[in-house]
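First comes the structure, then the notes that go with it.
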There are 2 protein chains.
Amino acid sequence: MTLEGRFDEAAGVIRVGGDARQRYHDSRGYGYPLEGNEIALAPVEAAHLLYRGDLGAVVTKSGERLEFRSFMAREPGAKFGVRFLVYADLRERGFYLSPAREPWVDPPDGEADFAVFPRGKGPGDGEIEYALRVLGERTDVPTAELEAGVLAIVDEESEITYFEVSARDPSGSSTAALPEGCDADLLEDRVVVWEPPLELYERGFYGQPLEGREYDEPTLQCSLLEAASLAERGVIDLEPETVRKRGREVEGERFVRRLAVYTALRERDVVPKTGYKFGADFRTYADVESVENLGHSELLVRVHPDDHVFEPRDLALDVRLAHGVRKTMVFALVSDGGEIDWWSIERLTP
Amino acid sequence: MTLEGRFDEAAGVIRVGGDARQRYHDSRGYGYPLEGNEIALAPVEAAHLLYRGDLGAVVTKSGERLEFRSFMAREPGAKFGVRFLVYADLRERGFYLSPAREPWVDPPDGEADFAVFPRGKGPGDGEIEYALRVLGERTDVPTAELEAGVLAIVDEESEITYFEVSARDPSGSSTAALPEGCDADLLEDRVVVWEPPLELYERGFYGQPLEGREYDEPTLQCSLLEAASLAERGVIDLEPETVRKRGREVEGERFVRRLAVYTALRERDVVPKTGYKFGADFRTYADVESVENLGHSELLVRVHPDDHVFEPRDLALDVRLAHGVRKTMVFALVSDGGEIDWWSIERLTP
């Protein structure tokens, strides 16, 4: 026998009696139990049961009988369509999930749409695998709202991409003794260091050798970030402020933020090199012993001010590219005071 | 014997006598011939000869003897540093190249820094392989300046990426007969088409089937772009203007531009699907016979207004990603009147 539900519009739930508790809740993780055998379903749960043909109809207070199409067309609440798609997708992948609120579950911290249970577990088992937030591809994400968890982004053709967001503190073991007082010239937007001791490049991985002639100690071209860092520590004979000033001239406040991140990475014994070819600010090497035996760079770092607003489309592009080159995408969010928050975002297959 | 050059500051060239013509021009493609055996070198050519140690010094009118370092520090002209790097890089790769102007060469069309000769050829052979424009990574490129040729972009750490820019007219052979008057509902920012004939999806590749239940004729979710196009041709029973209005509500003018490109691609028998996962507007399939036997999508298309200004960093990101997934990056530049200019940009290894 197919059951029908009653729309309790005041509470925003669909009540189902009969053997609903055993049939939908206990064995398949829908809804939460009420008195007796009755259960209450969230609209997204009721929509899924209607869609599967498991629930015959939902009857409104005014006596209207809603089937899947008419239930969807009422669009109860904002982003109902995308939440339904994600709910159905995870169900299809064999997971149970509930609205991330009382009385379905003990709500997880932060803003979330669903609590997803570990595979094989349900709402009664007291375990939550992760909190899931659902976004349409046009919904912007302010950095202040970033929090550890999973994002599901539904694109305009209703395909879903899952991203795992985690706090990420880069650290490494790249330490190298540096020379002092090397001869350097500031040229437009780069710095030439004239034939410094080889270890500046070979161990410290600063600069890029000028090619085309053979020398034991090659002349290096350094970026303004590298040069500002080297000047600050007396490695090259330029005034740090002169280099920083040139940086701000060619790149504005962006240079200040990037220098804060560059400096923080070097302090953590991680070597940042330009991420230009990947469209990022830096690619990083955690454990440089020598440039001759350089490993794979592990992270792509993009620097943003801490009031930046992410467009899901840009997130998708960054994370996709990083994934394609076997690196992890990290966002460094810099406050006006120079403090840095680090977040990694990676694709996830539930 | 090492030669020296005289800086002819008025003409902006360095004159070299002795056997310079034979030694530098005839056998190695530097400069242009003057009277007798004398030649004139552009500053970038002289810098390269100084750098290689082939030219001993350049003497200024006031009698100053410049060697490589002091010559570079004078920075004659804007972006001299980046032009030198590209000149040296191509020389290192075995190519000869000249400033793209009289009297070095018959100037190629458009804005270019260098004329690069075919491998094994030089300035006297009357053949130009391509016109090359040099940009620093912070130099913006307005779309109006895009032209067929090669861009060399020098990043902040002095690495060079070469891009080939070409006009690109997409075309394909994806034609499919479409049904009429299918039942559809507009839901927030997408459209559900209720159980249309299978060929709408299977041959026309419109929409995305709702999964989780088995039907011969699956219900499709279409993007607003797909729905606007289908409504316009009477395939679904929604008013075209209703769909377009919703599109403008959720996406503004961007929707209008994307619809122009979507429509143009369909008219060229190319199937556009969302490029969201690649951070682009569309991925395209030129020759769809059926979704079951779908080939690889060939292009990633990004839509911009025709007054867009490219940042080299964004170009690098787009082209890199497209290359990584074996697709060609195409930019569709849309005028206010809806006309479209198509350009492909691909990485090039000289």
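Just so it is clear, none of the values below were taken in a lab; they were calculated from the coordinates. Since this is a predicted model, take the numbers as computed values, not measurements. Glycine also receives a Cβ, built like all others from the backbone with ideal geometry; neighbour counts cover every protein chain displayed.
Fewest to most neighbouring Cβ within 10 Å: what's the order for B:THR349, A:THR143?
Values: B:THR349 6, A:THR143 16.
In increasing order of surrounding Cβ atoms, one gets B:THR349, A:THR143.
The lysines whose alpha-carbon is closer than 29 Å to the alpha-carbon of A:LYS273, local same-chain residues fewer than 8 away aside, are A:LYS245, A:LYS327, B:LYS79, B:LYS277, B:LYS327. The helix-based estimate of mean residue ellipticity at 222 nm for chain B, built from -39,500 (n - 2.57) per DSSP H run of four or more residues and divided by its residue count, is -7000 deg cm²/dmol to the nearest 500. Copy-to-copy label distances for B:ASN293, where each label lies 7 Å from Cα along Cα-to-Cβ, are 5.4 nm in order of increasing length. Backbone amide hydrogens, once placed in the peptide plane, bring B:VAL59 within less than 5 Å of B:GLY5, B:ARG6, B:PHE7, B:LEU66, excluding anything fewer than 5 places away on its chain. Show log10 I(q)/I(0) for region A:3-136 at q = 0.14, 0.22 Å⁻¹, two decimals, from a solvent-free Debye sum over equal Cα scatterers. Each listed q maps to, in turn, -0.58, -1.50. What percent antiparallel are the DSSP beta bridges of the protein assembly as shown, to the nearest 5? About 75 percent, rounded to the nearest 5. Looking at region A:3-136, send over the antiparallel percent of its DSSP beta bridges, to the nearest 5. The antiparallel proportion sits near 80 percent. Taking amide H as placed 1.01 Å from N in the peptide plane, B:MET329 has its amide H under 5 Å from the amide H of B:LEU300, B:ILE345, each at least 5 places away in sequence or on another chain. For GluC sites (Glu not before Pro), the sites in region B:1-109 that DSSP calls loop and that have at most 13 other Cβ atoms within 10 Å are B:GLU9, B:GLU35, B:GLU64.
Per residue of B:177-187, other chain Cβ atoms within 10 Å of the residue Cβ number 1 on average.
What relative contact order, as a whole-number percentage, does chain A give when Cα pairs under 8 Å and 6 or more residues apart are counted?
Value for chain A: 12 percent.
For the pair B:SER166 and B:GLU64, the difference between a 0.36 nm per residue extended length and the Cα-Cα distance amounts to 32.2 nm.
Label points for B:GLN22 are taken 7 Å from Cα along Cα→Cβ. From this copy to the others they lie 10.7 nm apart, shortest first. Note on A:ALA144 and B:VAL309: their simple-model spin labels are 2.9 nm apart, each label 7 Å out from Cα toward Cβ. Using θ = phi - 60° in the Karplus curve 6.51 cos²θ - 1.76 cosθ + 1.60, the 3J(HN,Hα) couplings for region B:235-251 round to 6, 10, 8, 9, 5, x, 5, 4, 5, 4, 4, 4, x, 5, 5, 8, 9 Hz; x is entered for Gly and Pro.
Placing a label point 7 Å from Cα along the Cα-to-Cβ axis, A:GLU92 is separated from the same position in the other copies by 5.0 nm, shortest listed first. Extension gain for A:THR175-A:GLU253 works out to 25.2 nm (0.36 nm per residue, less the C-alpha to C-alpha distance).
Where Rh is the Kirkwood radius over the Cα pairs of chain A, the temperature 20 °C and the viscosity 1.002 mPa s, what D in µm²/s does Stokes-Einstein return? Roughly 91 µm²/s, to the nearest whole number. Principal-axis analysis of the Cα atoms of chain B puts helix B:43-52 at an angle of about 70° to the longest axis.
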